[in-house]
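Participant: Please see the structure below; I have some questions.
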Amino acid sequence: MRRRPLPVRESNSKSWRSLCENEWAVYALVASVGALTYSNSLNGEFVHDDIPAIVTNGDVTGANPVLRIFENDFWGTPMSDPGSHKSYRPLTTLTFRLNYALCGLSAWWWHMCNIALHAACCALVARAGAVVAGLQRPFAALAALLFAVHPVHTEAVAGVVGRADVLACVFFLLSLLLYHGSSSRRRVWSSVVLAALSMLAKETGLTALLFNLAFDIYRSWSSLTRSPAKCRWKSENVWGRVGKGLLVLLLLAIARLALLQGSLPAFSAQDNPPAFHPSITIRLMTFCYLAAFNWWLLLCPWTLSHDWQMGSIPLITSGWDPRNLVTCAALIALLALSYRCLMDLELQRHTPLVVGLMLLVIPYLPASNMLVTVGFVVAERVLYIPSFGSVVITVYGVQLIWKRGTGGRRLLVLSFVVLVAASAARTYLRNRDWRTRETLLKADLAVLPHNAKLHYNFANFLKDVEQQENAIHHYKEALKLWPSYASAHNNLGTLVLASGRAEHHFLQALKYNRDHVNAHYNLAKLYRKKNRIAESLKMLERCISLEPRFVQAHLELLHITPESEKRTTLEKLLDLEPKNWEHYHLYGNWLKGRGLWPLSLAYYTSGIRLSLDRDGERGALPSLRAACLILRSAGQRARLLQLLTRWQGAGGGAAAAERRRAAAAAWRLRTELEGRAAKYARAPLVTSTCLHHSQLEVHEPDAKRAIVNEHSRTIVPTLDDKLRASCQKNAYNKKSVSISAQYKPIHNKSEAGIKQKSCPLHKKKKMKDSDTLPYVSDHLIKTY
């Protein structure tokens, strides 16, 4: 039993024939249009979900091993964690990691990769529109043009995190083309592999298998009804293909459910209000309207926002709500299209309509809230694949009108050109909104001023840029729209500490969310500052019980824990972040205070090593200073100099090494000078000394300023040894000689620049006692 081959209809127009002579030219054209439309998004920054999914995600930045990507969710949280979002997209995360390895966090290259994937999707849409949907090739190209400039794709393409949807669409379309556009015997297994890759890019990619099976049955329907007795489970007939496809679909669905690790994603009423309403009637009416609203976004994508939560779309609580009319209109249109497809099941004259309807409905099912609860009300990025079905239906209608006559063709062409141009202009303007965090929030607040989540996010931005008064205003506006918004209460409390209202807002946050970790932490800090230690300790214990790996809570616990009991908390900090040099520094300080200097020095040394590995010399200085002070107090100057020398040779670049060398030289010089000053302070006063004439020089005011300069100070430690050796070599006897103020000692007689004369005192008698010579030299050096 073989399925009916897909018809590829060609236009009778000569101009359209010339357009389709070179298919690669068509693919290049639509890909170029898609890339140019989004070209102004290249200058965009990381905004919205890009920050947690990329910038602070250890799976992307290389902080975690590569294999951890297959154990964590899309946001870097282990799938086994009850707080995990449960979005398993390792293939997309791998592309992020490759991006980071090649170009770091330079956003330009990340956006360029998204645009390249979108251009590839546009070319695949042109191919699938002709081969799978059965559109005439010129109209398939027009469908690809509409897809390329569709404004609803802005979130998926201009937002870097939207790469999950674009990448899933690439494998989705490839799976369709292999299954329905290839005659290879292995096309089924190849399409299954591509569908699995699409699922690993984003969960909705699994619907590619469902579409392939449904459309295969549709294409083979006439053969099934004419010769039902010949239906056998063979690999080359429809039942064999459907059987293999259903088996793989079941296995992939089971594997995906197993990845949930026994717990469903934790969403709240703030994320998806209708999903948590107790009335099933209200939930059903609201979800049906949301489906109609998503279809309207595909038809008229004028009102766009990156966040449709918390009051953006109020619940439908009454059957008399006028929005139910929109739901009824969408339902009637869907039923009419479905009836038309069923009536044409035998003749199959409207294959593009069937394909468009399937692509519109099937990929949207996972996000419809009908099968599983999702964490959003409306998300434009999930419409990336369903938009292909929408444009196929639209273009197929244009194709039918075109075939009926030539009277209105010019008007039809003009209307289509205006539609493409308007869509491209709207997309271009929307890309500008996605350029920065500020522009995106301001643009969406202008569209949805009653969205509490947008006010909250904008207040967070204003807080980050230190516009406290405006931030407080938007936090209050968010609470006015959504009084039980716990996070808004918590963040507002951090800004009104001076007014005394902070405790009230923290308690309100805990009232609406008893498990709000940050509210417990902030309240504990507030109680500690008010010296309410018992209450602070209670809040910290609750905070740590909710989030055992909350490092800041453990650090706060150090402030209120007695000195003798801090060891447990310090060891917990080292266990949580074994590569954080600051924890080693804190542990070293505690050990030093307990008198355990050797252990303290070991922790300081570990902190120096870790800080150099991660932060360069910026983090090494506190631990280095503490270690050096311990060594100096213990009199271990050799180890101190050894430590400084090793630190001086550590990595960090030429500039950092030069700064460390200068700091080390200054430390050595100061240490030796302090030692000499102490020795000089303990020495008795000497009023007369016998010197060789070679160590005397007539003093001139300008000579001192010429000799004492910045360079000569760096060699002071070597003068004592050279002068001592000179005195011992001459071995003259001591004799009391009064030194006039116009003489000064010098290291070498050639430095004086004058001719020296011999001293008659030393010609008569040598010194008998040389024990005072070292002291004389020290004394002169310090006077110098």
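The values are calculated or read from the model by the stated rules, or taken from the named source; none is laboratory data. Bear in mind the structure is a predicted one, so any value in this text is a computation, not a measurement. A quick note on method: Cβ atoms are made from the backbone with ideal geometry, for glycine too, and the neighbour counts reach across all protein chains shown. Ligands, DNA and RNA are stripped out before the accessible areas are found, and what is left, the full protein with its side chains, is counted by its heavy atoms. Shrake-Rupley method; radii C 1.70, N 1.55, O 1.52, S 1.80 Å.
Participant: Does residue 520 fit the bill of being of a type outside the set (Phe, Trp, Tyr), part of a helix (DSSP H, G or I) and crowded, with 24+ Cβ neighbours inside 10 Å? Walk me through how you get there before you give the answer.
Facilitator: Working: of a type outside the set (Phe, Trp, Tyr): yes; part of a helix (DSSP H, G or I): yes; crowded, with 24+ Cβ neighbours inside 10 Å: yes.
Spelling it out, residue 520 is indeed of a type outside the set (Phe, Trp, Tyr), part of a helix (DSSP H, G or I) and crowded, with 24+ Cβ neighbours inside 10 Å.
Participant: Within the stretch 398-411, how many residues turn out to be part of a helix (DSSP H, G or I), open to solvent by 30 Å² or more (accessible area, probe 1.4 Å) and of a type outside the set (Lys, Arg)? Don't jump to the end; show me each part of the working.
Facilitator: Of all residues in the stretch 398-411, those part of a helix (DSSP H, G or I) come to 398-404, 409-411.
Then drop every residue that is not open to solvent by 30 Å² or more (accessible area, probe 1.4 Å), which leaves 400-404, 409-411.
Among the residues that remain, those that are also of a type outside the set (Lys, Arg) are: 400-402, 411.
Looking only at that region, the number is 4.
Participant: Exactly one of (1) under 21 Å from residue 132 (Cα atoms); (2) within 33 Å of the chain's Cα centre (by Cα) is unmet by residue 391. Its number?
Facilitator: It is condition (2) that residue 391 fails.
Participant: If we scan the stretch 373-389, do we find a residue that is surrounded by fewer than 21 Cβ atoms within 10 Å (Cβ to Cβ) and free of Cβ contacts under 8 Å to residues at least 40 places away in the same chain?
Facilitator: The answer is no; no qualifying residue exists.
Participant: Moving on. Only residues that are touching a residue at least 60 places away in the same chain (Cβ under 8 Å) and over 26 Å from the mean Cα position of the chain (by Cα): list them for the stretch 424-451, please.
Facilitator: Of everything in the stretch 424-451, those that are touching a residue at least 60 places away in the same chain (Cβ under 8 Å) and over 26 Å from the mean Cα position of the chain (by Cα) turn out to be 424, 426, 447, 448, 450.
Participant: From 440, 462, 454, 497, grab the single residue that is of a type in the set (A, V, I, L, M, F, W, C) and modelled with pLDDT under 90. Before you say what the answer is, go through the steps one by one.
Facilitator: Numbers: 440 fails: modelled with pLDDT under 90; 462 fails: modelled with pLDDT under 90; 454 fails: modelled with pLDDT under 90.
Sole residue among the options that is of a type in the set (A, V, I, L, M, F, W, C) and modelled with pLDDT under 90: 497.
Participant: Ok, one more. Which residues, counting only those in the stretch 154-191, are surrounded by fewer than 22 Cβ atoms within 10 Å (Cβ to Cβ), over 13 Å from residue 385 (Cα atoms) and either charged (D, E, K, R) or modelled with pLDDT of 90 or more (or both)?
Facilitator: 177, 178, 185, 186, 187
Participant: I would also like to ask the following. Among residues belonging to the stretch 412-450 that are more than 15 Å from residue 33 (Cα to Cα) and among the hydroxyl-bearing types (Ser, Thr, Tyr), point out the one that is surrounded by the fewest Cβ atoms within 10 Å (Cβ to Cβ).
Facilitator: The residue in question is 415.
Participant: Which ones in the stretch 514-538 are under 20 Å from residue 83 (Cβ atoms) and either more than 28 Å from the chain's Cα centre (by Cα) or touching a residue at least 40 places away in the same chain (Cβ under 8 Å) (or both)?
Facilitator: Let us first name the residues in the stretch 514-538 that are under 20 Å from residue 83 (Cβ atoms), namely 514-522.
514 - this is the single residue of the stretch 514-538 that is under 20 Å from residue 83 (Cβ atoms) and either more than 28 Å from the chain's Cα centre (by Cα) or touching a residue at least 40 places away in the same chain (Cβ under 8 Å) (or both).
Participant: Taking the stated definitions as given, is residue 39 polar (S, T, N, Q), closer than 27 Å to residue 375 by Cβ and in contact (Cβ under 8 Å) with a residue 40 or more places away in the chain?
Facilitator: Numbers: polar (S, T, N, Q): yes; closer than 27 Å to residue 375 by Cβ: no; in contact (Cβ under 8 Å) with a residue 40 or more places away in the chain: yes.
When the stated conditions are applied, residue 39 does not pass them.
Participant: Which of the residues spanning the stretch 452-470 are part of a helix (DSSP H, G or I) and under 24 Å from the mean Cα position of the chain (by Cα)?
Facilitator: Start the filter on the stretch 452-470 by keeping residues that are part of a helix (DSSP H, G or I), which leaves 452-464, 468-470.
Passing the criteria: 453, 454, 455, 456, 457, 458, 459, 460, 461, 462, 463, 464.
Participant: Between a residue in the stretch 249-271 that is part of a helix (DSSP H, G or I) and any residue that is of a type in the set (Phe, Trp, Tyr), which pairs come within a Cβ distance under 6 Å, given they are 6 or more apart or on different chains?
Facilitator: none
Participant: Select, from 281, 303, 327, the only residue that is of a type outside the set (Phe, Trp, Tyr), open to solvent by less than 30 Å² (accessible area, probe 1.4 Å) and either outside any loop (DSSP other than H, G, I, E, B) or farther than 21 Å from residue 375 by Cβ (or both).
Facilitator: On the way: 281 fails: open to solvent by less than 30 Å² (accessible area, probe 1.4 Å); 303 fails: open to solvent by less than 30 Å² (accessible area, probe 1.4 Å).
Testing whether each residue is of a type outside the set (Phe, Trp, Tyr), open to solvent by less than 30 Å² (accessible area, probe 1.4 Å) and either outside any loop (DSSP other than H, G, I, E, B) or farther than 21 Å from residue 375 by Cβ (or both) leaves just 327.
Participant: Return only the number of the condition from (1) open to solvent by 50 Å² or more (accessible area, probe 1.4 Å); (2) at pLDDT 90 or above that residue 289 does not satisfy.
Facilitator: The failed condition is (1).
Participant: Related question: With respect to residue 42, determine if the residue is in contact with a helix residue (DSSP H, G or I) (Cβ under 8 Å, 6 or more places away or on another chain), closer than 24 Å to residue 178 by Cα and among the aliphatic types (A, V, I, L, M). First the steps, then the outcome.
Facilitator: Working: in contact with a helix residue (DSSP H, G or I) (Cβ under 8 Å, 6 or more places away or on another chain): yes; closer than 24 Å to residue 178 by Cα: no; among the aliphatic types (A, V, I, L, M): yes.
Taking the combined requirement at face value, the residue does not satisfy it.
Participant: Conditions: (1) in contact with a helix residue (DSSP H, G or I) (Cβ under 8 Å, 6 or more places away or on another chain); (2) in a helix (DSSP H, G or I); (3) touching a residue at least 60 places away in the same chain (Cβ under 8 Å). Residue 112 meets all but one. Number of the miss?
Facilitator: The number of the failed condition is (1).
Participant: To continue, here is another question. So, in the stretch 91-105, of the ones that are more than 12 Å from the chain's Cα centre (by Cα) and free of Cβ contacts under 8 Å to residues at least 12 places away in the same chain, which residue ends up most open to solvent (accessible area, probe 1.4 Å)?
Facilitator: Residue satisfying both the conditions and the ranking: 102.
Participant: Give me a count of the residues in the stretch 306-320 that are under 42 Å from the mean Cα position of the chain (by Cα), at pLDDT 85 or above and open to solvent by 20 Å² or more (accessible area, probe 1.4 Å). Can you show your working first?
Facilitator: First, the residues of the stretch 306-320 that are under 42 Å from the mean Cα position of the chain (by Cα): 306-317.
Then keep just the ones that are at pLDDT 85 or above; that gives 306-308, 313-317.
Next, from what is left, pick out any that are open to solvent by 20 Å² or more (accessible area, probe 1.4 Å): 313-315, 317.
Count: 4.
Participant: Among the residues of the stretch 338-353, count how many are assigned to a helix (DSSP H, G or I) and surrounded by 14 or more Cβ atoms within 10 Å (Cβ to Cβ).
Facilitator: Filtering the stretch 338-353 down to residues assigned to a helix (DSSP H, G or I) leaves 338-343, 351-353.
Narrowing further to those that are surrounded by 14 or more Cβ atoms within 10 Å (Cβ to Cβ): 338, 341, 351-353.
Number of matching residues: 5.
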